[in-house]
Amino acid sequence: MIIITGDKYDEILKEKNSEKILFPEYGKNKEKLKKFVNKLNGNEMIVTASLELIDLILEEFQGEEHFLIYSNTGKELTFKETYELRKYLDFDLRGTETKETEKVSVLFCEGKTDSKFFKASYKKVFGFKETKDLPPNLKLIETLFERDNYELIKNEDGYIAIIPSEGNAGVIRNLENFLRAMEVFNFYVQKIGVAIDIDKSEEAVMQSIKGKLSSFRYKVSKKGFNVGSTEIIPLLIGTKIDLGPCVEWQKPTVEDFMLAILEGDRTFKKLDRTINILCLDLKRKLKPKEVIYLAMAAKKFWGNLEGFYEMSIMRTPKWKVEKILKESRLYEKMESLLPSL
């Protein structure tokens, strides 16, 4: 199976010896599209601009022998890569002409709370503001930023797009797929950050990143890696933070930073007795997230965890947030990701 998108498909159609279908997607509802897909045998070549049709085909056909060609560049993606770009980045496989580019950095992080943490920290410490003014470099993933947890922030020098990615594996997967998409669809971002918890060792995380970059011509740099003119910057969350005798520390996570930010807060100080009593009653130490939920209740914040993170950081003095980022060795890496540097 070959799917062809883009405007310059004539030459590719001449080269390939497959059953050729120029699909007139207009006026077709989902049921008609499903009927069309059900009749396919997997040997066809389909020219289409219908993302709905492409999604149905990707669900039906798997395997490395199937691929999508973007005719404007003549480069291709496997169906696996195509499926993941659609599922995790809502990528517009029809492509676009990118005549102008802005200074853009992309930060892949583990989840929703991480995305709010980084957004608020960039706003508080580095002076970024939220924006709906999408740079042309990100046109092909613009629908992501219509959702609540995909963040686009801007300063006078450029943009940072913050994208949650479903855990460590998701961060690495999105890094690889995004680099492939840049290669195939001919667009560019200046820097890509990967924010990952160090579960076992820093070396293991770095090897995982190198493994995904091995299919590209990458070079090691002072801040991370270079793939072409794009810089890859690891933001490794790996500093142990002392959270007191009644709070259990298992591994480095963003929750640790939030507790450090909340520490010293008047409301948080009042929780010391409650935390000690719970620790004795439960006969175990509390987990960092449990303490955060107690803080939310004490502050009478009835929103979600992500909203609490953002509110807490924005209400904390800049010097304190900056101090915690520096102590956790994140500040320098976050600064390296700035589009102005």
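Values as computed for the structure displayed
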| item | result |
| --- | --- |
| Total residues in region 82-116, condition open to solvent by less than 10 Å² (accessible area, probe 1.4 Å) and touching a strand residue (DSSP E or B) at 6+ places or on another chain (Cβ under 6 Å) | 9 |
| In region 230-255, the residues that are at pLDDT 80 or above and over 20 Å from the mean Cα position of the chain (by Cα) | Pro245, Cys246, Val247, Glu248 |
| Positions within region 261-288 being surrounded by 14 or more Cβ atoms within 10 Å (Cβ to Cβ) and either under 25 Å from the mean Cα position of the chain (by Cα) or at pLDDT 85 or above (or both), in sequence order | Ile261, Thr274, Ile275, Asn276, Leu278, Cys279, Lys285, Leu286, Lys287, Pro288 |
| Residue list for region 169-205, filter: more than 22 Å from Leu93 (Cα to Cα) and open to solvent by 40 Å² or more (accessible area, probe 1.4 Å) | Ala169, Asp199, Lys200, Ser201, Glu202, Glu203, Ala204 |
| Region 29-66, subset among the acidic types (Asp, Glu) and closer than 24 Å to Lys14 by Cα, residue least open to solvent (accessible area, probe 1.4 Å) | Glu44 |
| Elements of type helices (runs of 4 or more DSSP H) contained in region 255-328, each with 3 or more residues being in contact with a Cys (Cβ under 8 Å, 6 or more places away or on another chain) | 271-282 |
| Candidate set: region 103-153, residues that are assigned to a helix (DSSP H, G or I) and among the hydroxyl-bearing types (Ser, Thr, Tyr); chosen: the one nearest to the chain's Cα centre (by Cα) | Ser115 |
| Residue that is modelled with the highest pLDDT, among those in region 160-200 that are small (Gly, Ala, Ser) and touching a Gly at 6+ places or on another chain (Cβ under 9 Å) | Gly193 |
| Selection from region 246-260 of residues that are open to solvent by 30 Å² or more (accessible area, probe 1.4 Å) and either free of Cβ contacts under 8 Å to residues at least 40 places away in the same chain or on the phi > 0 side of the Ramachandran plot (or both) | Trp249, Gln250 |
| Qualifying residue in region 67-81 (condition: under 17 Å from the mean Cα position of the chain (by Cα) and either at negative phi or open to solvent by 50 Å² or more (accessible area, probe 1.4 Å) (or both)) | yes |
| Residue check for Asp90: out of contact with any helix residue (DSSP H, G or I) (no Cβ under 9 Å at 6 or more places or on another chain), closer than 30 Å to Lys8 by Cα and at pLDDT 90 or above | no |
| The lone exception for Tyr122 - which of (1) open to solvent by 30 Å² or more (accessible area, probe 1.4 Å); (2) modelled with pLDDT of 95 or more it fails | (1) |
| So Ile4, is it among the aliphatic types (A, V, I, L, M) and not in a helix (DSSP H, G or I) | yes |
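The values are calculated or read from the model by the stated rules, or taken from the named source; none is laboratory data. All values derive from a computational prediction rather than experimental measurement. Backbone-built Cβ (ideal geometry, glycine too); neighbour counts: all protein chains shown. What goes into the accessible areas is simple: the full protein's heavy atoms, side chains included, and nothing from ligands, DNA or RNA. Shrake-Rupley method; radii C 1.70, N 1.55, O 1.52, S 1.80 Å.
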